[in-house]
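Asker: Dropping the structure in here first, questions after.
The values are calculated or read from the model by the stated rules, or taken from the named source; none is laboratory data. Note that the structure is a prediction, hence the values are computed from the model and not measured.
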Amino acid sequence: MAEEPDSIVLRYLRRIDEKVDRLIEEVRDLKGRVGALERQVADLHVSIATVHARVDRVELRLERIERRLDLVEHAGG
């Protein structure tokens, strides 16, 4: 006896299943890429904090140099 052709419902279900499988792979890829972006943003935050700390230290040193060279006016008089 010859095989009966697949019903139209079964064909559509197979297509839907294939599309869902592709979507799962794409979502998995996107999650990896978003994770990489989150790590890069976190690294940028650390870098920015490091730069701020260095600038703060330079400002303190500059203020100390200005005071020693008497280049700043004293407050109150």
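Asker: Checking Glu3 against (1) in a helix (DSSP H, G or I); (2) modelled with pLDDT under 95: exactly one of these is not met. Which one?
Answerer: With respect to (1) in a helix (DSSP H, G or I); (2) modelled with pLDDT under 95, Glu3 is out only on (1).
Asker: Still on this model: Does Val41 satisfy the criteria of being outside any loop (DSSP other than H, G, I, E, B) and aliphatic (A, V, I, L, M)? Full working, then the answer.
Answerer: Numbers: outside any loop (DSSP other than H, G, I, E, B): yes; aliphatic (A, V, I, L, M): yes.
Spelling it out, Val41 is indeed outside any loop (DSSP other than H, G, I, E, B) and aliphatic (A, V, I, L, M).
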